[in-house]
1. LYS112: which lysines have alpha carbons under 17 Å from its alpha carbon, excluding same-chain residues fewer than 8 sequence positions away?
2. Residue by residue, what Karplus-based ³J(HN,Hα) values in Hz, rounded to whole numbers, does the stretch 135-143 have, using 6.51, -1.76 and 1.60 with θ = phi - 60° and x for Gly and Pro?
3. If you roll a 1.4 Å probe over the heavy atoms of the protein chains, what accessible area per residue do you get for the chain, in Å²?
4. Filter the cross-link list LYS14/LYS81; LYS40/LYS199; LYS40/LYS252; LYS54/LYS83; LYS42/LYS307; LYS37/LYS59 down to pairs whose alpha-carbon distance in this structure exceeds 19 Å.
5. If you line up the long axis of helix 111-121 against the longest principal axis of the chain, both from Cα atoms, how many degrees apart are they, to the nearest 10?
6. At a 4.7 angstrom Cβ threshold, list every cysteine in the chain that has nobody to pair with, or say none.
7. Enumerate the amide H contacts of ILE177 below 5 Å, restricted to partners 5 or more residues apart or on another chain; note that Pro and chain-start residues carry no placed amide H.
8. Go ahead and estimate [θ] at 222 nm for the chain from helices alone: -39,500 (n - 2.57) per DSSP H run with n ≥ 4, summed, over the residue count, rounded to 500.
Amino acid sequence: MSVDNDFQVVLEAKHVTRKFQVAKDVYLTANNDINLKFYKGKTLGLVGESGCGKSTFMKFLVSLDTPTKGEILYRGEDITKLKGEKLRLHRQNIQMVFQDPNSSFSPKMKIKEIICEPLLNFKRIKRSEVDQTAKNYLRLVELPEDLINRYPHSLSGGQKQRVAIARALSLEPEVIIFDEATSALDVSVQKNIVDLIKKLQKENNITIGFICHDIALIADIADYVAVMYLGNIVETLPGDKLSTDAKHPYTKALIDSIFDIGMDFSQKIQSIDSEIPSPLDIPAGCPFCDRCDKVMDICKKERPTEKTISQGHDIACHLF
């Protein structure tokens, strides 16, 4: 992904591939030669259908998994090689907010303990400072201070996601990864959370990776968008140009399938009729060739490589 040279690269994936062995001599390729850059204070949105490999990729960034091949560079250092205490200390730099906060909260811990556990772990605060610190972070995510002694089960989904954001912010990370962090919320709550993320990013100059299957939401929140299909990045472009400048047939199909109240109801809603191939049986050429209405002979034989077609706009398609 090529972007304005004035932007500072904080995090970079170079030729990242992840294969899972599912049987003898049988491998599933979840990510295939991924190259992406995360810029200081900017949001990179990663969008694609469920099962395309988005979450698998983002787990590399927070050291929850390691790629089969490739590098993840944080300020020039390959974090896939970090071990022991160096890895533990590095985790302060990149934090993650998960889709379901319940999966990362202990139901036996109070909200103040959930928020301050990372700070205690890295000895940034004393136990006597927990209450006031938790109150400060609850205010930061626009929640009442009196929640500090409550337990997660007594909070709404939106409140729990705000607590998850507060905990991620507590270590003052340079990068935060949001893995479908709004998809389980009501639309009105989703908008409030997205507005909060934008506000906090602007105030703290945070670099964000935002995983989502909702291309309309990605266009709203992301400075740059990477579109993933069957583990491959097929197009990257600025978020504000997604609806007007997208070129890849898959990206355009995703955009054409959007249904919202501002749409032109005289136009037919487009869809991709065929089923996505099995990750164990990806086409030999372009991974999208068997669902593409613009397929050519070369598409069935040769996998397209990424090409830059304009500033910040890369595409992997034989049409270009």
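1. LYS123, LYS126, LYS135, LYS160
2. 3J(HN,Hα) across the stretch 135-143, in whole Hz: 4, 4, 6, 5, 4, 4, 9, 6, 10.
3. Values: 15860 Å² over 320 residues.
Spelled out: the 1.4 Å probe surface of the chain, per residue, equals 50 Å².
4. Working: LYS14/LYS81 14 Å; LYS40/LYS199 15 Å; LYS40/LYS252 28 Å; LYS54/LYS83 24 Å; LYS42/LYS307 22 Å; LYS37/LYS59 15 Å.
Result: LYS40/LYS252; LYS54/LYS83; LYS42/LYS307 exceed 19 Å.
5. 90 degrees
6. CYS52, CYS116, CYS212, CYS292, CYS317
7. Distant-sequence amide H within range of ILE177: GLN95, MET96, VAL97, GLY209.
8. It lands at -8500 deg cm²/dmol.
The values are calculated or read from the model by the stated rules, or taken from the named source; none is laboratory data. What you see is a predicted model, and the numbers here were worked out from it, not measured in a lab. Cβ coordinates were reconstructed from backbone atoms using ideal geometry, including for glycine residues, and neighbour counts include every protein chain displayed. Just the protein is used for accessible areas: all its heavy atoms, side chains included, with ligands, DNA and RNA removed. Shrake-Rupley method; radii C 1.70, N 1.55, O 1.52, S 1.80 Å.
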